[in-house]
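Here the structure is laid out as structure tokens; the discussion comes afterwards.
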Amino acid sequence: MSHHSIEATGLSFVYPDGTRALDDVSFRLGHGESVAIVGANGAGKSTLLLQLTGFLRPTGGQVRIGEVPITRETLADIRKAIGVVFQDPDDQLFMPTVYEDVAFGPVNHRLPAEEVASRVTEALARVGATHLADRPPYRLSGGEKRAVAIASALALCPNILIMDEPSSNLDPKARRRLIELLAGFEHTKVVATHDLDLALELCERTIVMSAGTVTADGPTRAIFGDDSLLEASGLEKPLGMQGCPLCGGE
């Protein structure tokens, strides 16, 4: 059974105050795709990610990971296949040390101690954070917290990586390291982001959301080349596709 694909069918969600965050959202992401979810604030991106990871149950419709629908009965197994990085790393880091935070998922999946140690060591090395293993998370910079949050997701060896605004609050060097890291992740990636240049570099496909609906879904460069679509969606063309302001060239 494959856990590398995601399918949303007629997905809707209404918050208790009556706010309709998602309205009949449908798409399918295949094995190995890298897909960006973009849109203005309030478009429904974060709510959609919470649906894809089972943190919120839909008001209507369904999410399937591989052939398996997300239900209360299947959620524990499905989450073994998904690595999640939240928008705010402080929502994800809560253990006394970085090592314990990265180990939290593997430990709760009841892996042998040797396997846990191996996964933590490898995950921290992949994000360049080995030297932070004994540090308390509250003593980390924003970029360091982001790296550790990603390491905690990678330690689960996920088939799918889902990230909410992964480049926020990163300096240019940390952002470049993030892009190189994600480019090396060979399985399915879903990235909700306002950083359209990151999306352009990492994702061959982009889904545009507005007011809880999907307004466009297609090749990233084609989506970002549609000026009228970007304007209607409250987005601006990524810098990598804008002309030089001095000479007018690309």
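No lab work stands behind these numbers, since they all come straight from the coordinates. Owing to the predicted nature of the structure, the values given are computational and were not obtained by experimental measurement. Quick reminder, even Gly has a Cβ in these numbers, built from the backbone with ideal geometry, and neighbours come from all protein chains shown.
Taking label points 7 Å from Cα along the Cα-to-Cβ direction, E67 and Q242 give a separation of 4.9 nm.
The Kirkwood hydrodynamic radius of region 152-235, based on inverse pair distances between different Cα atoms, is 13.9 Å. Taking other C-beta atoms within 10 angstrom as a stand-in for reagent exposure, I65, I207 fall in the order I207, I65, fewest first. The length gained on full extension between F55 and K173, counted as 0.36 nm times the residue separation minus their Cα-Cα distance, comes to 39.3 nm.
Counting every other Cβ atom within 10 Å of each residue's Cβ, C157, C203 order from fewest to most as C157, C203. Taking only alpha carbon atoms, region 92-157 gives an Rg to Rh ratio of 0.93, where Rh is the Kirkwood radius.
In this rough spin-label picture, where each label sits 7 Å from Cα along the Cβ direction, the T121-A211 distance is 5.5 nm. Straight-line cross-link reach from K80 at under 16 Å between alpha-carbon atoms covers these lysines, not counting any fewer than eight positions away in the same chain: K189.
Report for the chain the percent antiparallel among DSSP-assigned beta bridges with both residues inside it, nearest 5. Around 55 percent of the beta bridges assigned by DSSP in the chain are antiparallel ones. For region 111-250, the antiparallel share of DSSP beta bridges with both residues in that region comes to about 55%. Kindly put V208, V38, V14 in sequence by how many other C-beta atoms sit within 10 Å of each C-beta, fewest to most. Fewest-to-most Cβ neighbours within 10 Å comes out as V14, V208, V38. Cβ-Cβ distance of A76 and R221, R₀ of 41 Å, FRET efficiency by 1/(1 + (r/R0)^6): the value works out to about 0.60. Over all directions, the projected convex hull of the C-alpha atoms in the chain averages 14.5 nm² in area.
With the cut-off at 1.5 for a/c, could you classify region 118-197 from its C-alpha gyration tensor as rounded, prolate or oblate? It comes out oblate by the Cα gyration axes.
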